[in-house]
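The values are calculated or read from the model by the stated rules, or taken from the named source; none is laboratory data. Here the structure is a predicted model, which means the values were calculated and not measured. When we count neighbours, we look across all protein chains shown, and the Cβ atoms used for this are built from the backbone with ideal geometry, even at glycine. What goes into the accessible areas is simple: the full protein's heavy atoms, side chains included, and nothing from ligands, DNA or RNA. Shrake-Rupley method; radii C 1.70, N 1.55, O 1.52, S 1.80 Å.
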Amino acid sequence: MQAMNVVVCVKQIPDPAAPPALDPGTKNLVRAGKLILDDSDAYGVEMALQLADAAGGGEVTLVSMAPNGETSGLRTALAMGAAKAILISDESLAGTDALGTAKVLAAAIKRAEPDLILAATESSDGYTGTTPVQVAELLGLPSVTFAKKVEVNGDSVKVERQTEAGYDEVECPLPALVTVTAGVVEPRYPSFKGIMAAKSKPVDTLTVADLGIAADQVGAVGARQEVTDVAEAEARSAGEIVTDEGEGYARIIEFLEQLKVL
Amino acid sequence: MSVDKIWVLAEVTDGAPITTSLELITAARSLGGTVEAVAYGDDTASVAAALGAYGVTTVHDVGDLAGSLPGVPVAASIAAAVEAGNGPGAILFPATYDGRDIAGRLSVKLDRPVLTNVVDLTEADGGLVSQHAIFGGTQVLSARFTGEGPQIFVVRAKSFAAEPSGGAAAEVVAAPAPDTGASNAAKIVSRHVEERTGPKLDEADVVVSGGRGLGDKDQYVLIEELATLLKGAPGASRAIVDAGWVPYSHQVGQTGKTVKPTVYLACGISGATQHMVGMKNSKNIVAINKDQDAPIFSVADLGIVGDVHKVLPQLIEALKARS
Ligand SMILES: Cc1cc2nc3c(=O)[nH]c(=O)nc-3n(C[C@H](O)[C@H](O)[C@H](O)COP(=O)(O)OP(=O)(O)OC[C@H]3O[C@@H](n4cnc5c(N)ncnc54)[C@H](O)[C@@H]3O)c2cc1C
Ligand SMILES: Cc1cc2nc3c(=O)[nH]c(=O)nc-3n(C[C@H](O)[C@H](O)[C@H](O)COP(=O)(O)OP(=O)(O)OC[C@H]3O[C@@H](n4cnc5c(N)ncnc54)[C@H](O)[C@@H]3O)c2cc1C
C-alpha cells in the first residue's frame, strides 16, 4: 500500500433550488449570492476520501474556481474530510468558458501533483460536460469519464464506465483523471467535529496571474463565443385532465387507439 | 465566416451509424457545403454506404483503436487533419459518452472553444448559430463563435430528424491517429452488455417511464410490463435511478436521455424541469399522477389523476386481454 494524493475538482454554484437568472447585459449566469457545493461534486469528494483510505493514506485536495473568494462550498467538502483546498478567484474570470475554466483548473491541479484527479461528469448549473476532459488533455493525462465504479490497485485505476449498452471495464495507469456519475457512492454528512475542523483547514487563494496564465486566455475574451439572443421557449399547453374513478385506464386505451399506437 | 465543409462524428454501434449521427449529418446537409464523416472501429468500410445514403461524401477512417477509449486517438486524428490544412469549418459531435470526450480533447488540441448541449443549429450572417435549451427548457439561448474555426459543437439527440438524401456510398479515406503517448493509456479490458428486449429508449415509438410515485423498486415491473405490451421502452426519472432501482441508461432528462416518441407515458413522475427538458418534445404525453397539481400535467395531452398502483395493473390487464 502506498499513500495516494487525490485532487477533486469541486464547483461552487448558486443554490439550484433558487430560480436561476441571466445577467441581462453580459448574458452570464448570475453568481452574486452565496454559493454552495455542487451536489454532483459531493460524490467525487466521497470517492476521493474512500480511495485515499483504501490506499492506506494520502491527502485529498480540493480545487475550485469561483467568484468573490467564495469558500462556503469548499468548507462543506473540507468538513466531509478533505485536507486542504486551492481556490482560484479573480475578477478577470467572469464570463470564462469551459476551455478557459479547464486552463485555470489544470494549472492549479499541477501544483498539487496528484496521483488521481476526480471531477463530476457534468456540473449542475452549466453542465457543459467537457471541462474535466479538457483538464486531462491540458495535463497530458489519460482520462476515464462516466465512472460508476472506481478501484485503485497500486499504480493503476480500474473503472466501470457507463456505456449505451451497459458498461465497459477500463484500466488506466496513474496519474489519471476520472469523472464520476451521480450516485456512485453515498456522500457522508459532515460531522460536527468535521465542521469545526474545516474552519481551520488551509485554503490557498490564487489569482490568474499567480498561475502564470495570460489574461487573454480567460474571461469573456478568452471564451471566443457570444450569446446572441435569449428567448422564451415555446410553451406546451395542457390537454384533458381526468380523475380516475376506475375508468382511467380505458381512457388511456382510447387515446392510444386514436394515435394508432394500438 | 461561411462554413462550406462540415464534419460529423459518425459513431457506430452494432454495425450501423447511431441515429444521432444521422440526425447531425442531415442537419449539416441543410447548412450547406460538403458533409464528411469521421468514424473509427474495425469495420468502418461497412458503414460507408449507410453514411453515403444520408449525404456523406467522404469518411475519414481512424481505424481500429486497439482497446483505447476513443477520446484521445480520434481527437488526435482530427487535429492532425486540421493542422495539415484539410480540416472543416465546423465539426458536429453527438452528445454521447464518447462524442463528448472527443470534442473536449479536440478543443484543447486545437485551442478552440466548444458549444455543448446544442438543440438546434441555423445559419445567420454567413456563420453558424447554435441554440441551447436552458433553465429546464423554459428559455432558449442562441450563441455563436467569434474566433477562428473549426467550430466545435456537441449536439443533443433528437435535435433534428434524420432523413436520407439517397447519396452513393461514401469514399473511405484512412486517417490513423498519430502517436499520443501517455494520454492514450486508458484501455477497455472487457465490455458488459445489459440485456435489453425491445427498442432502445431513444429510438422507441412509445416510452413508458416510472418515477418515485411507484413507491418501491419492485413496482418497476409494472413499467416494464406495460412497455413490453406497447412495444416500447421503459424509462425513468433520475430520482429512481439515483435510488438504484434502475440503471442510469434508463434516465430521461437533462442529465439523461432526450426522447421524442409518439407517446410518452409518465407514471408517478412529478415533472421537474430537469425531467421535462428530456421529454417535453414528445409528440403526445400521457401522465398518471395522484396529485392533480403535479407540474407534469401542464404538458400532458392526457392526464389521469389517479394511483399508479390501480391504473397501471388495470391498463396491463386490459392490454393483455386484447392480445
Ligand atoms: C446554461 C449554460 C450553458 C453554457 N454553455 C457553455 C458552452 O456551450 N460552452 C462553454 O464553453 N461554456 C458554456 N457555459 C459556461 C460554463 O458553464 C462555464 O465556463 C463553467 O466555468 C465550466 O463549465 P461547466 O460548469 O459547464 O462544467 P462541466 O464541464 O459541466 O463540469 C464538469 C465538472 O468539472 C468540474 N468543474 C467545472 N467547473 C469547475 C470550477 N469552476 N471549479 C472546480 N471544478 C469545476 C466539476 O467537477 C464539474 O462537475 C455555459 C454556462 C451556462 C450557465
Ligand atoms: C442538475 C440536476 C439534473 C437533473 N437531471 C435530471 C434528469 O436528467 N432527469 C430527471 O428525471 N430528473 C433530473 N433531476 C432531478 C429532478 O429535479 C427531480 O428531482 C426528479 O425528476 C424527480 O423524480 P420523480 O418525478 O420520480 O420524483 P418526485 O419529484 O418525488 O415525484 C414523484 C411523483 O409521484 C407522484 N406519486 C406518488 N405516489 C403516487 C401514486 N401512488 N400514484 C401516482 N402518482 C404518485 C407524486 O404526486 C409526485 O408527483 C435533476 C436535478 C438536478 C439538480
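How many Å² of accessible surface get buried when B and A come together, counting both sides, probe radius 1.4 Å, rounded to the nearest 100? Each step should come with its number before you reach the end.
Details: alone 15530 and 15080 Å², together 23630 Å².
For chain B against chain A, roughly 7000 Å² becomes buried.
In terms of solvent-accessible area of protein heavy atoms at a 1.4 angstrom probe, what is the ranking of A:145, B:273, B:19, highest value first? Provide the component values of the computation, followed by the final result.
Numbers: A:145 5, B:273 65, B:19 45 Å².
Ranked from most to least accessible, the order is B:273, B:19, A:145.
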Chain B: proportion of alpha-carbon pairs further apart than 33 angstrom, %: 32 percent
Signed unit charges on C-beta, dipole axis of the protein assembly as shown, positive-most listed residue B:116, A:52, B:130: A:52
Binned Cα-Cα distance frequencies in region B:66-116 - 10 Å width, integer %: 26, 59, 15, 0
Span from the region A:18-92 Cα centroid across to the region A:199-262 one, whole angstrom: 21 Å
Tilt relative to chain B, helix B:71-83 - C-alpha long axis, 0 to 90 degrees, to 10: 40 degrees
Value of relative contact order over region B:5-184, rounded to a whole percent, pairs C-alpha under 8 Å and six or more apart: 31 percent
Set of lysines with alpha-carbon distance to residue A:84 below 30 Å, sequence-local pairs under 8 removed: A:11, A:34, A:103, A:110, A:148, A:149, A:158, A:193, A:199, A:201
Computed accessible area, residue B:64, all protein chains, 1.4 angstrom probe, square angstrom: 110 Å²
Cα centroid separation - region B:103-167 against region B:1-56, whole Å: 16 Å
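Considering only the other residues whose Cβ falls under 12 Å of the Cβ of residue B:139, what net charge follows from Lys and Arg at +1 and Asp and Glu at -1?
On the way: positive: A:27; negative: A:229, A:232, A:234.
Result for the local shell: -2.
Within the accessible area of region B:201-322, what % is carbon and sulfur when the probe is 1.4 Å and the other protein chains stay in place?
Numbers: 2170 of 4510 Å².
Looking at region B:201-322 in its full context, I get 48 percent from C and S.
In nm², what is the average projected area of the convex hull enclosing the Cα atoms of region A:6-158? Don't jump to the answer; show the numbers that get you there.
Values: hull surface 35.1 nm².
In nm², the orientation-averaged hull projection of region A:6-158 is 8.8.
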Three-way shape label, region B:201-322, alpha-carbon gyration tensor, a/c 1.5: rounded
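Give me the net charge for the shell around residue A:125: Cβ to Cβ below 9 angstrom, other residues only, Lys and Arg +1, Asp and Glu -1.
Working: positive: A:11, A:31; negative: A:38.
Value of the local net charge: +1.
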Heavy atoms of residue A:103 accessible to a 1.4 Å probe, total area in Å² rounded to 10: 30 Å²
Protein-only accessible surface order, largest first, of B:141, B:9 at 1.4 Å: B:141, B:9
Cα-Cα P(r), the protein assembly as shown, percent of pairs per 20 Å interval: 20, 54, 25, 1
Nonlocal amide H pairs with residue A:63, under 5 Å, H built at 1.01 Å: A:8, A:9, A:10, A:86
Derived scalar couplings ³J(HN,Hα) [region B:101-107; Karplus, 6.51 cos²θ - 1.76 cosθ + 1.60; whole Hz; x for Gly, Pro]: 4, 5, 4, x, 4, 5, 3
Per-residue SASA entry for residue B:238, accessible area with 1.4 Å probe, Å² rounded to 10: 90 Å²
Interchain or long-range residues, amide H under 5 Å from residue A:225's placed H: B:146
Charge tally in the Cβ shell below 14 Å around residue A:192, where Lys, Arg are +1 and Asp, Glu are -1, residue A:192 excluded: +4
Chain B, dipole about Cα centre (Lys/Arg Cβ +1, Asp/Glu Cβ -1), debye to the nearest 20: 700 debye
For residue B:303, residues with placed amide H under 5 Å, excluding near neighbours: A:240, A:241, A:242, B:287
HN-Hα J in Hz across region A:219-228 - Karplus 6.51, -1.76, 1.60, θ = phi - 60°, x for Gly and Pro: x, 4, 5, x, 5, 6, 8, 9, 7, 9
Lysines with Cα under 29 Å of residue B:283, excluding same-chain neighbours fewer than 8 positions away: A:260, B:158, B:200, B:217, B:231, B:257, B:260, B:310, B:320
Rg/Rh for region B:1-154, where both radii come from Cα atoms and Rh is the Kirkwood radius: 0.94
Surface per residue (accessible, 1.4 Å probe) for the protein assembly as shown, Å²: 40 Å²
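For region A:20-84, what does the equivalent ellipsoid look like in terms of its semi-axes, each the square root of 5 times an eigenvalue of the Cα gyration tensor, given largest first in whole Å? Please report the intermediate quantities before stating the final value.
On the way: eigenvalues 182, 24, 15 Å².
Its equivalent ellipsoid spans semi-axes of 30, 11, 9 Å.
For the protein assembly as shown, with only Lys/Arg (+1) and Asp/Glu (-1) charged at the beta-carbon, what is the dipole magnitude about the Cα centre, in debye rounded to 20? Intermediate values should be presented prior to the final figure.
Values: 46 positive and 73 negative charges, 150 e Å.
Computed charge dipole of the protein assembly as shown: roughly 720 debye.
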Where B:11, B:123 fall by accessible area, highest first, once all protein chains stay in place (1.4 Å): B:123, B:11
For region A:40-52, 3J(HN,Hα) per residue [Karplus equation, 6.51 cos²θ - 1.76 cosθ + 1.60, θ = phi - 60°, Hz, x = Gly/Pro]: 4, 7, 4, 5, x, 5, 4, 4, 4, 5, 5, 5, 5
